[in-house]
Each structure stands twice: as C-alpha cells, then as structure tokens.
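Scroll down for the structure; my scribbles are underneath it.
The values are calculated or read from the model by the stated rules, or taken from the named source; none is laboratory data. What you see is a predicted model, and the numbers here were worked out from it, not measured in a lab. Ideal geometry is used to build each Cβ from the backbone, glycine not excepted, and the neighbour counts take in all protein chains shown. The area values use the complete protein model at the heavy-atom level, side chains included, leaving out ligands, DNA and RNA. Shrake-Rupley method; radii C 1.70, N 1.55, O 1.52, S 1.80 Å.
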Amino acid sequence: MSSTRLRTLVRAGSLATLAVISSGGLVSATNSASSCPTWPLCTESLMAPMTPLVWVALAHRVLVLLALVLVTLGAVTVWRSAEADRWVRLPLLAAPLLGLIQMAVGAMMVALQLYAAANVTHLGGALLVLACQVVPWAALAQPATIERLGGRAAREAGRLTGLAWWTAGATGVLAVALSAQATLTPTVLAATLLPANTGGALAMVGLLAAGTLGQMWRVRRDDRVLLMGALGVLLLTIAEVPLLLLTPAAAGFSVGLSATLWGVALALAVVTMRRPAMVLAAEHIQGVPAPAMAQAARPPSLVRDYLSLTKPKVIALLLVTTAAAMYLTEAGPPSLGLVCWTMVGGYLAAGGAGAINCAFDREIDLNMGRTSRRPVPSGRISQRAALRFGLTLSALSVVVLLVFTTPLAAFCSTLGIGYYAWIYTQWLKRSTWQNVVIGGGAGAIPPLVGWTAVTGHLSLAAVLLFAIVFYWTPPHFWALALVKQQDYARAGVPMLPVVAGATETRWQILVYSALLVALSLVLPLIGAMGWVYFASASVLGAIFMRYAWAVWRKGDQASIWGLYTYSLLYLALLFAVMVIDRVVVIPPGGLLDRLT
Amino acid sequence: MLNFGRCAKLCMVSYGLFWLIVAVFVGGQALLVRSAWRLRKSELSLPTDAPRGHGDAEVAWTLATAVLTGVLLYCVYLALI
C-alpha cells in the first residue's frame, strides 16, 4: 500500500469522524435518539412515517458505520505498512478499538435510555477517535526531521511545542465542557464533572492559544504554515465565544465547531513538533533566507529587557497560587472578570516588586553567573530606570486591585511588594542565612491576595495556604543555592550553604520538607478540603519526601536538581488539586454528592 | 472538621492526624532551633571577610517561625474542637 493511499484513507477517516461528532451533537440537541429506540437499525420507526428526528438519528448511525469502515481500513493499511512511524502507526491501530467501544456506549445509551448519563463519555470517546485520525494525518503531512539545535533555540522550540500541546488538551476539555451543558440537567452543569466551567475552559483555551501564537511569532515567524495554523486556532476559539450563549438544550449544536477546533489544535501541535525549526524563509518569503530560530538568538530588545525585569517565569507560579486561592473560598467560584483583574493586578504587583529587586540587587547580580546578564547589571537599563519602572508597576497594581477587587486584596498586595522589595531584598538577603525562610513570606502572600479579592476578609484556611507556600520556600530555594553556592559566596550573600555548608543545608531541606508535607495535610482537618485533596497531597508529599531524602543521603547534582524541579511541580499540582477538590467534591451537587 | 465522614471513628482519625502533625512540627522545629544554636557558635570561627549571618538574630528568627507556626496550629485546634 502506498503512503498516498494511507494519507487518503486517514483524511477521509478524519472527516468522517468529524461528521459523526457533529451529527452526534445534533442528535443530542434535538433529542432525536429517543425517536429511534432500537439499535442499530431503528426498525420500529422505519415502519412509521419518517420524521426529521428519525432522519437525524439514522443519518448519525450511517455516518458512524462509514467512519468505522474507514478507520478500520486505515488500521489494516498501516498494519501492513512497515514504513509508518509510531505517530502514524499507534493512533491508527488504536482507532478501531476505540470505535468499537464507542459503538457499545452508543448502543447502551439507546437500549438503556441513558442519554444524559453517557453523553459526555460518548463525546469524549469520539474526540479520542478523531485524535487517532488527525494525529496520523498531520504526521503524514509533516514527516519528522532530525536536527540539532543549540541550548536556547532548543528551549524556545520546546516551549512552543509544549504550549501547542497544552492548547490542544485544553480544546478537548472545552469541547466536553460545552457539550456537557446539553447533557445534564440544568442544576448540574459541566463544572461538577470537570475542573472547569465552560467560561473558564474557553478563557483557558483563549489564553493558551494566544500564548502559542505569541511564541510562534517570537521564534517561528518566518514559517507561515505554523503561524497561520496558530492564528486559525485562536480565531476558532474566538468563534466559540457566542456558543456560551446557547441554552443547555441547544448546546449540542456547538459540538461540531468544538471538535473542529480540537482537530486543528492537535494537528498544529503535531506539525509544530515535527517541522524543522530551521525552515528557510526563502521557502515562504520571496527569496530572503533567514533562519527562523535566529529570532530566538538575537540580542534582547528594550521591551524584552523591561519584561524580563518583571521576572515572568517566577510570576507564573505565584499567579497559579493566586488563581487557585480564588476558587477555594467559601464564596464559591469567582466571576471570570474578577479572576482576570486579580491576575492583572497580581502580575503588576509581582512584576513591580521584581523590577525593584533587580534595581537594588545590581551589585549582587553582577557577581553571579546566573544573573550577570540581566538588563541592570549588564547596563542595558539603568538602576534608576528599573526602580522607576518597578514603582510605576507597583502603583498600577494597587489601583487595579483597589478598583476591581477589594481594599484588603490591594493592601495584601502592597504588603507583598514592600516585603519582597525592601524587607527581603534590602535587609534579609544581605544579612541572614534565614533570608529565604523569612523572605519566603513575600512569596506566600499571593494566595492571600487571591482569597481576599473574592471574600474581602481573611480566614484560617487562607493563612494555611500562606503557611504552605512559606514552608515550601526553603527546600526549593536552598536546592538552587546548593547548586549556585560559589556564585552566592562570590556575591557575598549569606545563603545557608555558604554560611553553614552543604551538609547542614541538605539536613535542613529534609526537615523543612517534612514540615511542609505535614502542613499540607492540615487543610482537610478544618473542612476546607476533602478526600481528593487529602489523598493527592499525601501522594505528592510522599514524592517530595523521596526527593528530599535523596538530597540528604546522596547530595549529588542530579538529586538536587530533581528536588528543585519537582518542588515547582509540587506546588502547582497541590494548588490544582485544591481547586479540583473544591469544585468537584465539596459543593452541594458535587460529584461525590451525586454518587452517594 | 475533616470531610472524611460523620461517624465518630473517622473523627478520631482527624484528631489522631492533627496530633501527629503537631508532633512532626514540635520535633522539626526543635531540630531547627538546635541547628540555629549550633550554627551561632560555628559562625564565630568563619573568616571575617566570609558572608555570615548574625548568630543571635538567626536563633531569634527560628524561634519566631516556630512560635508563629505554633499559634497557627493552636487556631487549627480551636477550629477542630
């Protein structure tokens, strides 16, 4: 069998599966499945005069049969082909199995009349079948290439690929969330089944799609295929916005568009991953050769320098804790607008504090390899300009939080700025090896900002969130300090490894890790969290202790880096699990309530 | 109260867990205070140009952290009973 034939089959399979999903949405929205109570042939209804509803239900089943034939042919073809790589082979072989499961679920829905209960599962399975067709299609269209990229270019390419995959994943959640409106009773919305409501899921897809497009513009702007693909995903996402206005009963009409977005986002992720980064611009732009990745290696612009002063990578984790705290309050899920404004205010506050820190730390940064290329020590931005920039952002953050959230949130945020920029940077960092312990309080304030932005007051649970981040800080930053010990010694910063040595630091990392894990289990005791959180925090904590133990026992670079990277993941996952626990389990009508 | 359930046995689990956490904290903070005290002495032997902390202040910071965490756990206890 030629690859052309395989490509044709996969393309036809993709389109047929998309047609199946779209028609399934129609069936759901029109409730036509009940017009065909027998499966698969709908024989009773065929005896009577045909109504439009029967036509819709029958057409869906015919399309299912057609898609299954095409999917099976694709699987047989790839089975007999020795050349196909795993991105083509594995999905195509899995597709018929998934298709059969889908048919069984469909039959069960009709036979047992479990339309509402099984619809989300049915759509989820159908989206997987579509993925099993689209991924090989994209992989066949864009053969994999082997290329060696330099450190920075590889990092940028990896970030782009990661963003594209995250976007694809989020579009899948969005498709299910949008359709779930149609399948559940009005009192039980998608939010009780998914860790996201439709508005939240759409906002998340929008952010990720915009992020993918932005990153594409940064590093692959000469590659028009990718750029157009990323733009297409963003436009399709925007086209989904009006679908939020559909009534729950009519939400099935949205399924076709959501599935298309899912397919396009998946195809973009596969192509982004496999397309060579060093595509010559000459291929796309009138004969002007310009390696796309050169964009990533060019000297930083002034805008990028100012952006880097805000330490966006550090802020990302802070904003995760802020956003998560907003969903944990007793006030219930906040509005999307409130979340957005709190994020804007939070970014401005943390960015402002970071810029002030860069201004004050010029001398220290100069003596450290990790920081010597920052805009202030390298002289691209003056100390005074950085300070002015930081103060402006800080003032803006206060205004934003004061106007759009609550006075207490603005106060907490201002406290955080002062704590980090002055108490930590100017005093603690230079004078005590407890700098990251006590200074950790600055990084622990964002959950308080998120909490108070929703409720306007503090509570014990909010303080516990603060304490979790507070106790998380020493193991995380001491792991980094162990690796960069020489840098800190040269800069005259009394970090614990410099003052007390690596062994003492490793020991204290172990002790603080135990305290952190113990503290993370307190929230369920006061009823703020449930079983899901308790079980997840226990598992995540056990892994954390394993890494901390490895640092204590071995103390090699691998174990230290392992702890450092896992601690980042740990904090993000812990807060994510809190939200899942809160959204899925705790509220009346939550998943557990409905199961018991 | 922990959302484990409503029966007395599971409430006992909550209390047991709480006191276990308290024990971890008391033990952990004791070790940290001991470390700070030990480092206070050893810092005196560091070369004068080496980065160093202020021994008494380090002990004070450690004690302050322990006391504040103790207050937090006391508040948890009040919420629990």
Residue ID - surrounded by the fewest Cβ atoms within 10 Å (Cβ to Cβ), chosen from residues in segment A:525-555 that are more than 19 Å from residue A:568 (Cα to Cα) and without any contact (Cβ under 8 Å) to a residue 12 or more places away in the chain: A:553
Matching residues in segment A:216-231 - criterion: being modelled with pLDDT of 85 or more and crowded, with 18+ Cβ neighbours inside 10 Å: A:216, A:226, A:229, A:230
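Matching residues to (1) open to solvent by 60 Å² or more (accessible area, probe 1.4 Å); (2) facing chain A (nearest Cβ under 10 Å); (3) at pLDDT 95 or above; (4) closer than 16 Å to residue A:525 by Cβ:
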site	(1), (2), (3), (4)
B:1	yes, yes, no, yes
B:5	no, yes, no, yes
B:10	no, no, no, yes
B:25	no, yes, yes, yes
Number of the condition not met by residue A:517 [criteria: (1) facing chain B (nearest Cβ under 9 Å); (2) within 20 Å of residue B:32 (Cα to Cα); (3) more than 28 Å from the chain's Cα centre (by Cα)]: (3)
Of all residues making up segment A:521-555, the number that are in a helix (DSSP H, G or I) and facing another protein chain (nearest Cβ under 10 Å): 8
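Take segment A:478-503 and flag every residue that is facing chain B (nearest Cβ under 7 Å) and open to solvent by less than 20 Å² (accessible area, probe 1.4 Å).
Of all residues in segment A:478-503, those facing chain B (nearest Cβ under 7 Å) come to A:489, A:492-494, A:498-500.
Hits for segment A:478-503 are A:493, A:494, A:499.
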Single residue of segment A:460-477 satisfying the filter (more than 19 Å from residue A:567 (Cα to Cα) and at the interface with chain B (Cβ under 10 Å from one of its Cβ atoms)) that is surrounded by the fewest Cβ atoms within 10 Å (Cβ to Cβ): A:460
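Does any residue of segment A:178-195 turn out to be at pLDDT 70 or above and among the hydrophobic types (A, V, I, L, M, F, W, C)?
First, pick out the residues of segment A:178-195 that are at pLDDT 70 or above: A:178-179.
From what is left, the residues that are among the hydrophobic types (A, V, I, L, M, F, W, C) are A:178.
Yes, segment A:178-195 has at least one match.
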Of residues in segment A:362-414 being touching a Gly at 6+ places or on another chain (Cβ under 7 Å) and not hydrophobic (A, V, I, L, M, F, W, C), the one nearest to residue A:448 (Cα to Cα): A:413
Residues of segment A:511-532 that turn out to be farther than 16 Å from residue A:476 by Cα and of a type in the set (Val, Ile, Thr), as a count: 3
Members of segment B:35-54 found to be outside any loop (DSSP other than H, G, I, E, B) and either at pLDDT 95 or above or more than 10 Å from every other protein chain (Cβ to nearest Cβ) (or both), listed by number: B:37, B:40, B:41, B:44, B:45
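From A:56, A:69, A:105, A:62, grab the single residue that is touching a residue at least 24 places away in the same chain (Cβ under 8 Å), part of a helix (DSSP H, G or I) and among the aliphatic types (A, V, I, L, M). Working first, answer last.
Details: A:69 fails: touching a residue at least 24 places away in the same chain (Cβ under 8 Å); A:105 fails: touching a residue at least 24 places away in the same chain (Cβ under 8 Å); A:62 fails: touching a residue at least 24 places away in the same chain (Cβ under 8 Å).
After applying the criteria, what remains is A:56.
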Any chance residue B:60 is modelled with pLDDT under 95 and either more than 9 Å from chain A (Cβ to nearest Cβ) or out of contact with any Lys or Arg (no Cβ under 9 Å at 6 or more places or on another chain) (or both): yes
